[in-house]
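Have a look at the structure below, then the notes.
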Amino acid sequence: MRKFLAIAIGKLAMFFSRALKRGGGTALPGLLAQIIDRKILAKLTSNLKNGVIIITGTNGKTTTAKMLTDILSSAKMDVVTNQSGSNLSRGLVSTLIARSSLTGRRTKGDVGIFEIDEATMLEAVPKVDPKIIVVTNLFRDQLDRYGEIDKTATLIGHALEYAKGTTVVLNADDPLVAFLSKFNKNAVFYGIEDSNLNDASGFDNDNRECVECGTKLDYKARYFSHIGKYACPKCGFKRPNPENTVYKITIKPEETNISLHTSKKENADIRLNVPGLYNIYNALAASSAASFLNVTADQIKYGLENSSAAFGRMEKIQVKDKYLYLLLVKNPTGFTESVKSIVSDKTINILLALNDNFADGTDVSWIWDAEVEPLATKTNVVIASGIRALDMAVRLKYAEISPKIIQVESNLSKALEIGLDQIPAGETLFVLPTYTAMMELRNLLVKQGYATPFWE
Amino acid sequence: MNYKITIYHMYPDAMNLYGDYGNILTLQKRCVWHGVDCKIVNISVGDKAHFEDCDLLFIGGGQDRGQKNIADDLVMRGHKIKEEIDKGMAALTICGGFQLFGKYFKMANGSTLEGIGVFDAWTEAGNKRLVGNIIVDCRKTSSDWVLKSRFQSDETLHTTLVGFENHSGRTYLGPNGKPLGTVIKGYGNVGDGTFEGAVYKNAFGTYLHGSLLPKNPWFADHLILAALKRRYDTHIDLKPLDDSLELEAHEFAKTRAYTAKTDTIK
């Protein structure tokens, strides 16, 4: 009875939320349903015959989930996701309610792919009882909310202890993630094995000490931040050998080609539509999870090659005769890598939108840990926007971008208008917003008819 | 001739939370803009250091793990660092670094980290994390160090600090401990909204990041001036810079301290 009431109220809330255009109804229905029936999440996920895959980690959750969805869809599975980025447990409940019969006995779908915030893992894992957990990486993110990064790792570790029968898919190249195998016996690893790759960023300000003993790690290769091939000189903690690998990478301006080897000992050459090394990791994480569901390398290839960018993650939007690229940024490593991926020989136009609402992290000091310096020589139009537009403007000034060319406009709608107005036809405006700024910008673009709503 | 200062960045690999790099970057850029040569030397655990060559020491915040790793190394250098601070060396210590410049830090697991006791202060772990925007007034506490009427005529501009605090440690000042300032909005050293930070001669300790120096250019310049005084033993004047963007950001941060919602942390 509770289940019925929870689903009914949830469905009703979803209907009104969309009808009143208060967003996609991704949080409220779940909130109400959970108040009515605390076990609603477990009841609904048990309906999915291939179980649930949880994706967690600091960066790349949404993109990995999107890629995995496309792979599993190419293997003819009906996938339930919470890809709207509403990745708290109430978002999950909302997603499931939308697909469930009123009685809650049936839920449409073969498999669930859920993004879970690091901080809610302990709460979500016992409720969902996932078949697979994928951990992408652990960087600094919204430290004011979660506490420091070690605490986040421990939090995920405890969640993994709960999930005894779950396969845990871990990034071997991230020492903090690899360390998590201590908490669960069914760990499998993925990593990059291309020996030609060694592109260490100059800003190595994340964790590079051994998680076990605190000694500084030795790196044989470091790809970015603390990601690479590492070993502790003192206690012997080292990068585990991954079963799922990308062993060859060719990066061209328009596309990235990778050679994939899966744990089922199959190979595939795959062209990715999204740039950057971090997207190779996302593709690898998604492929690794898929291969455990007996998806073939051909299906992985088909799924990845036909995958489009997740919403707000290097999403291209045409506005009349001009283009926008949306790249969500939320932490130093993501910001650094996003800047790297948009800087080229050409001059670029950028709009950086920094908010400090709860979902963005109320502390904006992370922008000082990101390497934005490559922007200094290659920019034409530069706009700082969002609630903390001035903080972003100061950051750019200290990256030696002349204050004369930095335009400060905290109003996002106006900033977008200025940006589009100032670039010539055919050109692109790169927009790097934090989470709530992206939601606001995207809503604007939906209203103007240039983008589709994220719940579609 | 070009003036020259040397900055020691202590343990940049372990103590670098919450935008600490922004402080070093700000000192470096402002030195360049002022026409002062600035050499930055990174000192990690076990590295040789000559503190008599150092004009300004910087140490940032770290996680507990980072702090444990460096505490022993720091204590071994403690005597020399204190000696140079008594001779005029400037220092900026933030969060975890600030705690280690006190007498000790009693951590959540019950163990104690020894500090070097530059400040008459000690720290104990607290239950609730103190997180949020903070405004600090240095007027009442700073009569012996704030450089009045420098650059701007409006005195409040260069006696106020804005930033963001995020600490679970509570730092108590002893009888000889002087605070950096009084809290206008925020938690401060022990979470009661009274005092923030500590000062001893030209050494400053604070929980403010955000980063601290970019939005408080007067304080950045104060540190550079203190470093110049230490090197050349005479007052050297810096030509004013156009800080309008920084000061706008400073003013906005003050407003935001009142309008931003504060988080509740478990």
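All told, residue A:431 falls short of being free of Cβ contacts under 8 Å to residues at least 60 places away in the same chain and either of a type in the set (A, V, I, L, M) or in a loop (DSSP other than H, G, I, E, B) (or both). Within segment B:70-83, identify whether any single residue is within 14 Å of chain A (Cβ to nearest Cβ), modelled with pLDDT under 95 and assigned to a loop (DSSP other than H, G, I, E, B), and answer yes or no. Checked against the condition, which is being within 14 Å of chain A (Cβ to nearest Cβ), modelled with pLDDT under 95 and assigned to a loop (DSSP other than H, G, I, E, B), segment B:70-83 yields no hits at all. Among the residues making up segment A:101-116, those that are at pLDDT 85 or above and either buried (at least 21 other Cβ atoms within 10 Å of the Cβ) or of a type in the set (S, T, N, Q) (or both) are A:109, A:111, A:112, A:113, A:114, A:115, A:116.
The residues of segment A:363-403 that are under 26 Å from the mean Cα position of the chain (by Cα), away from every other protein chain (no Cβ under 11 Å) and among the hydroxyl-bearing types (Ser, Thr, Tyr) amount to a single one, A:385. Return yes or no: is residue A:172 at pLDDT 80 or above, farther than 23 Å from residue A:361 by Cβ and aliphatic (A, V, I, L, M)? Judged against the criteria, residue A:172 is a match. Among residues that are away from chain A (no Cβ under 14 Å) and either closer than 15 Å to residue B:97 by Cβ or buried (at least 23 other Cβ atoms within 10 Å of the Cβ) (or both), residue B:55 is included.
Here is a list: A:319, A:381, A:364. Which entry is buried (at least 24 other Cβ atoms within 10 Å of the Cβ) and at pLDDT 90 or above?
After applying the criteria, what remains is A:364.
When segment B:211-266 is filtered for residues that are within 21 Å of residue A:408 (Cβ to Cβ), touching a helix residue (DSSP H, G or I) at 6+ places or on another chain (Cβ under 7 Å) and in a loop (DSSP other than H, G, I, E, B), the ones remaining, listed by number, are B:211, B:213, B:214, B:215, B:216, B:241, B:243.
Look at segment A:38-49: where a residue is under 16 Å from residue A:116 (Cβ atoms) and a partner is at pLDDT 80 or above and among the charged types (D, E, K, R), sitting 6+ places away or on another chain with Cβ atoms under 6 Å, you get A:41/A:127; A:42/A:127.
Within this structure, residue B:67 fails the test of being more than 18 Å from residue B:205 (Cβ to Cβ), within 14 Å of another protein chain (Cβ to nearest Cβ) and either outside any loop (DSSP other than H, G, I, E, B) or modelled with pLDDT of 95 or more (or both).
Taken over segment B:2-32, the residue count meeting the criterion of being within 10 Å of another protein chain (Cβ to nearest Cβ) and more than 17 Å from the chain's Cα centre (by Cα) is 3.
Would you point out the residue of segment B:33-44, among those that are of a type outside the set (Gly, Ala, Ser) and within 12 Å of chain A (Cβ to nearest Cβ), that is nearest to residue B:202 (Cα to Cα)?
Taking segment B:33-44 first, the residues of a type outside the set (Gly, Ala, Ser) are B:33-34, B:36-43.
Adding the requirement that they be within 12 Å of chain A (Cβ to nearest Cβ) leaves B:33, B:42.
Numbers: B:33: 23, B:42: 20 Å.
Looking at residues that are of a type outside the set (Gly, Ala, Ser) and within 12 Å of chain A (Cβ to nearest Cβ), I get B:42.
Quick one: in segment A:328-350, which of the residues that are more than 14 Å from chain B (Cβ to nearest Cβ) and either among the aromatic types (Phe, Trp, Tyr) or in contact with a Pro (Cβ under 8 Å, 6 or more places away or on another chain) (or both) is surrounded by the fewest Cβ atoms within 10 Å (Cβ to Cβ)? By that ranking, first place goes to A:344.
Could you tell me which residue of segment A:80-94 is surrounded by the fewest Cβ atoms within 10 Å (Cβ to Cβ), considering only residues that are modelled with pLDDT under 80 and touching a strand residue (DSSP E or B) at 6+ places or on another chain (Cβ under 7 Å)? Only one residue fits best here, namely A:87. Taking the criterion of being more than 10 Å from chain A (Cβ to nearest Cβ) and closer than 16 Å to residue B:32 by Cβ, the residues of segment B:210-235 that qualify are B:220, B:221, B:223, B:224, B:225, B:227, B:228. Against the test of being in the same structural domain as residue A:301 (by TED's automatic domain parsing), crowded, with 18+ Cβ neighbours inside 10 Å and modelled with pLDDT under 80, the options A:60, A:10, A:23 yield a single qualifying residue, A:10. In segment B:159-184, the residue that is surrounded by the fewest Cβ atoms within 10 Å (Cβ to Cβ) out of those that are within 14 Å of chain A (Cβ to nearest Cβ) and in contact (Cβ under 8 Å) with a residue 60 or more places away in the chain is B:168.
Would a scan of segment A:287-303 turn up a residue that is outside any loop (DSSP other than H, G, I, E, B), modelled with pLDDT of 90 or more, surrounded by fewer than 19 Cβ atoms within 10 Å (Cβ to Cβ) and of a type in the set (Asp, Glu)? Within segment A:287-303 (the criterion being outside any loop (DSSP other than H, G, I, E, B), modelled with pLDDT of 90 or more, surrounded by fewer than 19 Cβ atoms within 10 Å (Cβ to Cβ) and of a type in the set (Asp, Glu)), the answer is yes, since at least one residue qualifies.
Return the only residue of A:280, A:300, A:270 being over 19 Å from residue A:197 (Cα atoms), in the same structural domain as residue A:57 (by TED's automatic domain parsing), among the aliphatic types (A, V, I, L, M) and under 21 Å from the mean Cα position of the chain (by Cα).
Working: A:280 fails: over 19 Å from residue A:197 (Cα atoms); A:270 fails: over 19 Å from residue A:197 (Cα atoms).
After ruling out the rest, the residue left standing is A:300.
If you check B:187, B:200, B:207, which single one turns out to be more than 14 Å from every other protein chain (Cβ to nearest Cβ) and over 21 Å from residue A:355 (Cα atoms)? Break it down stepwise before answering.
Numbers: B:187 fails: more than 14 Å from every other protein chain (Cβ to nearest Cβ); B:207 fails: more than 14 Å from every other protein chain (Cβ to nearest Cβ).
Answer to the check: B:200.
Every listed requirement among (1) out of contact with any Phe, Trp or Tyr (no Cβ under 9 Å at 6 or more places or on another chain); (2) not in a loop (DSSP other than H, G, I, E, B) is met by residue B:191 save one, (2).
Summed over segment A:212-223, residues that are hydrophobic (A, V, I, L, M, F, W, C) and surrounded by 21 or more Cβ atoms within 10 Å (Cβ to Cβ) total 1.
The values are calculated or read from the model by the stated rules, or taken from the named source; none is laboratory data. None of these values were measured; they are calculated from a predicted model. For neighbour counting, all protein chains shown are included, and Cβ atoms are generated from backbone atoms with ideal geometry for every residue, glycine included.
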